[in-house]
Every structure is written in C-alpha cells, then in structure tokens.
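The values are calculated or read from the model by the stated rules, or taken from the named source; none is laboratory data. Note that the structure is a prediction, hence the values are computed from the model and not measured. As a convention, Cβ positions derive from the backbone with ideal geometry for all residues, glycine included, and neighbour counts pool all protein chains shown. Quick note on the areas: whole protein, heavy atoms, side chains included, nothing else; ligands and nucleic acids left out. Shrake-Rupley method; radii C 1.70, N 1.55, O 1.52, S 1.80 Å.
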2 protein chains.
Amino acid sequence: MSAVTSPLAWEHVQPAAARRLLTGAIDAFAERGFQATTTRDIATRAGMSPAALYVHYPSKERLLFEISLYGHRAALEILTAANDGGSPADRLRAMVSAFTSWHAEHHTIARVVQYELAALSPEHFAEVATIRRAISTLIEQVLTDGVTNGTFKVDDLPGTTLAVLSLSIDVARWYDPTRHPAAEPLGTLYADLAHRMVQA
Amino acid sequence: MSAVTSPLAWEHVQPAAARRLLTGAIDAFAERGFQATTTRDIATRAGMSPAALYVHYPSKERLLFEISLYGHRAALEILTAANDGGSPADRLRAMVSAFTSWHAEHHTIARVVQYELAALSPEHFAEVATIRRAISTLIEQVLTDGVTNGTFKVDDLPGTTLAVLSLSIDVARWYDPTRHPAAEPLGTLYADLAHRMVQA
DNA sequence: CGCGTTGCTAAGCGCTTGCTTAGCTTCGCG
DNA sequence: CGCGAAGCTAAGCAAGCGCTTAGCAACGCG
C-alpha cells in the first residue's frame, strides 16, 4: 500500500462474514457490473449460501451503496489530505497525483464508484452526489487560487475543472495492473499533464 | 449536425423496423446499460412485440455488436479525416477536437461504445478491439511526429497517448446536453488542453 | 441450566428474463 | 389468380432472478 493513497482497510466492517460479502461484491460489481452480478455469486465468493447475504445486508442495492459511500469518502479524504499547504501548483500536483494513484491502485472499487451510480436508489445517489460536489469544489478552488496569484491560466474554469477530474477518473476504466505502470509513477505523470494544462 | 463530426446516419440499416430497433437499443443501452435492458424494452421503443426483434436480429448481443462496430468505425473515420495535413500540433488539435465533439454530440452511442465492451462475445470484442488499436495508433503517431520535429515534449509516450484519448473518451460518461456547452466549443477547449499537455 | 440472540442453510416463491413456436397478414411477382 | 417470402403477434417455455421462510446449531449471560 503506497504512502500517498489511504489504506482502504475494511476492518471496520464487522463481523468478518459481512466484510467478505462486501469485498466479494466489490470484485463482482467491478468485473461484471451491478446488474449482471447475482446475489448467489456474491454469496459464493464469501463462501456462504445465498440466504446468508440477507443476514448482513437488506438488499443487493444496499451492498452497492455501502461500497459507493465508503469509496467516495476515501477519495475525498485523500484529496483533502493532498490539498494541505504549498503553492496552487504544489496543491494541484499533489491532488492529481493522489487522486490518480487512488484510481489505479483501487481500480476495482473505483470502477464501482464511478460507473455504478445509476444503480443506486435516488436517496442513496443524493448522498454520494454531495461528496462528488465536494471533490469537484476542491479542484475548482485550487485552480481559482492559481489564476488569482497569476501562476495559472485557465480560460474555462468549470470546463477545465471537469477535465482535470475526468483525466484521473478515467484511469479506473482502463487501468490493468498486469499491463500498466505502478500507481505512483502514473500519478506523477498525470500531475505533470494536469499542471501543464493550466500553467500560465 | 456539426461539420467536424460525421453525420452518423442509420439509413443503411434496412428495413426501417430494424433501424427503429437499433436506435431504440442505443437509447436503452446508454440509459440503463446492456444487462439492465430487456428485449421487451427495446421492442416497445420500436413499437413492436418482443418477438419481432428476432425477425431482424438473432440475439440481444448481436444488436449490441452492430451498434458497437458502427460506432467504433464512425469514431475512427472522423479521427482519420482530422489527421489530414498540417503540423503535428494542427493534426493533434484537429483530432482531439473532432474526437471530443463526437463523444459529446453522440454521447449515447459513445456510452455504448466505451462502457459495454465487456458484454460483447469474445469474437465480437476482438473485432472492435482492432479498431480501438487503430485509433490509439493515430494519436501515438502524431505525438511521435511532434517529438521528432521538436514541437512536442513527451516523457512517457504510451502513457501520454492513453491520457489524451482518455480525456476525450470520458466525455461520454459525464456529458449532458442540457447542462453542458455545445459539442464544438468543448472540442476546442479539449484540443487546447491536449496541446498544452505535450507542448515543448 | 435456561433462553434469547446471532449466523447460518435448505428449500422455494413469485416474477422476469432471453428466446421460441405457431400461425396470421401483406405483398411482389409469375 | 396462386404462392412463397417477409414481417409481424399471441402465447408461452425453461432458466434464472432477488429475496423470504422455516428451522437449526452455537454462544453469552442471568
């Protein structure tokens, strides 16, 4: 586990059977998507009968929500930590690097977080949407700060904010640890690319 | 329909009922995903009974393949057209602009093209993968040309190629015509961002 | 010990899925 | 007019779905 990305430990999920179901669901949702994953598949991955799932979670959707919520919170946390101190350029580079590395290192959870939003209930979607707006605001603010002190040149602020985030998020779509570089060098490359996009 | 993006007409799909099924399937797959879309839903959108679908297509997967194949071909075509003539910078800007605009303007098909690959049969996937490699090669070549003539500075060629493509592709994920700028200005913004990423 | 709680399984319910079958109508064409 | 092809529908099949029910073993605690 790298230093720049949060450990994403699941120890807080108790008991162990509930944790096995959750991590099994992450793998299944990431591989096949939420709709194509069956509760029987999740239960089998956790080494249980299908009915045991409902002892720990009231529905398949709830399992998705727990994963999505925890994943969004983890992503916001590593961004917030990276935003601490330094010039706008330093903060932008640290945030893009951390956010990119996180999407590479945790690409299974990241895939669920980024591509299964439509499967959430309206109420659950609203809850993670709040976190998504906070993430977006962090990037927009550092770009604003850089423009204000003259180190950045940004023509379209919302458009560029979206582009910077988009670049990191799409890593979850294509990243394959067997075929691509380690997460940390990728983060450095993307920090460089994002910095160039906004440099004055 | 803008000048930089191909018209994406479906007139070649005959008879009209087959075309209605295909366009209905695009909308349904883009909205809900392949797995969550039922053949009954597709048939209803085309104004027919569920069985009528099988008069024109042998399976739901085949419908996806026809959409995916045509979409990939259209994307490759507009990229190839934009690659014609000028400096590496001109060609890169033209390709990124066209590719981005295409993903925004045709974001429903683009969503199917980019996010439903896993639902294709292995044989059908192999066929579109060939087109995807051709797309990637076009971008890699223009970056190579720019590095060679000294107008670009690229540290990691495959990584930067992927990043440039990634930036445009992710547009399909978030683009909403009711909330975002028109496709053509977006293409111009992204051409600028991509150019800055590689400028010497 | 007695007994409620926790965690699990076997069985299965009601429903929906992709797709098939049988049969009807419409049409072009000799 | 006769007839095969094309295009469609009503009905339904086998399989698989999310989830429920009934019941059992293990455990903590008075």
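Report those helices (runs of 4 or more DSSP H) wholly inside segment B:90-200 carrying at least 3 residues which are outside the structural domain of B:Gly24 (by TED's automatic domain parsing) and within 14 Å of the chain's Cα centre (by Cα).
Here the list reads B:107-115, B:122-148, B:157-169, B:171-174.
Given the conditions (1) of a type outside the set (Ser, Thr, Tyr); (2) closer than 30 Å to B:Ala200 by Cβ; (3) modelled with pLDDT of 95 or more, and given that B:Leu69 satisfies all but one, which numbered condition is not satisfied?
(2)
All but one of (1) buried (at least 24 other Cβ atoms within 10 Å of the Cβ); (2) within 9 Å of chain B (Cβ to nearest Cβ) hold for A:Asp156; state the number of the condition that does not hold.
(1)
What is the residue count in segment B:64-91 for residues that are hydrophobic (A, V, I, L, M, F, W, C) and open to solvent by 50 Å² or more (accessible area, probe 1.4 Å)?
Total satisfying the criteria: 1.
Among the residues that make up segment A:77-89, is at least one of them touching a strand residue (DSSP E or B) at 6+ places or on another chain (Cβ under 9 Å), closer than 21 Å to A:Thr161 by Cβ, in contact (Cβ under 8 Å) with a residue 12 or more places away in the chain and away from DNA strand C (no atom under 16 Å from the Cβ)?
yes
For segment B:32-52: of the residues being within 23 Å of B:Ala110 (Cα to Cα) and in contact (Cβ under 8 Å) with a residue 24 or more places away in the chain, which is surrounded by the most Cβ atoms within 10 Å (Cβ to Cβ)?
B:Phe34
Any chance you could count how many residues in segment A:75-89 are within 12 Å of A:Ile139 (Cβ to Cβ) and touching a Gly at 6+ places or on another chain (Cβ under 8 Å)?
Summing the residues that are within 12 Å of A:Ile139 (Cβ to Cβ) and touching a Gly at 6+ places or on another chain (Cβ under 8 Å) in segment A:75-89 gives 1.
All but one of (1) away from chain A (no Cβ under 12 Å); (2) open to solvent by 10 Å² or more (accessible area, probe 1.4 Å) hold for B:Leu143; which doesn't?
(2)
Could you list all residues from segment B:35-65 that are over 27 Å from B:Val164 (Cα atoms) and more than 15 Å from DNA strand D (Cβ to nearest atom)?
B:Glu61, B:Arg62
Let's see how each residue does on (1) outside any helix (DSSP H, G or I); (2) under 19 Å from the mean Cα position of the chain (by Cα):
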{"position": "B:Gln14", "(1), (2)": "yes, no"}
{"position": "B:Arg20", "(1), (2)": "no, no"}
{"position": "B:Ile26", "(1), (2)": "no, yes"}
{"position": "B:Ala30", "(1), (2)": "no, yes"}
{"position": "B:Ile42", "(1), (2)": "no, no"}
{"position": "B:Glu61", "(1), (2)": "no, yes"}
{"position": "B:Glu66", "(1), (2)": "no, yes"}
{"position": "B:Leu69", "(1), (2)": "no, yes"}
{"position": "B:Leu76", "(1), (2)": "no, yes"}
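Could you look through segment B:163-173, keep only residues that are more than 7 Å from every other protein chain (Cβ to nearest Cβ) and not small (Gly, Ala, Ser), and pick out the one that is most open to solvent (accessible area, probe 1.4 Å)?
By that ranking, first place goes to B:Arg173.
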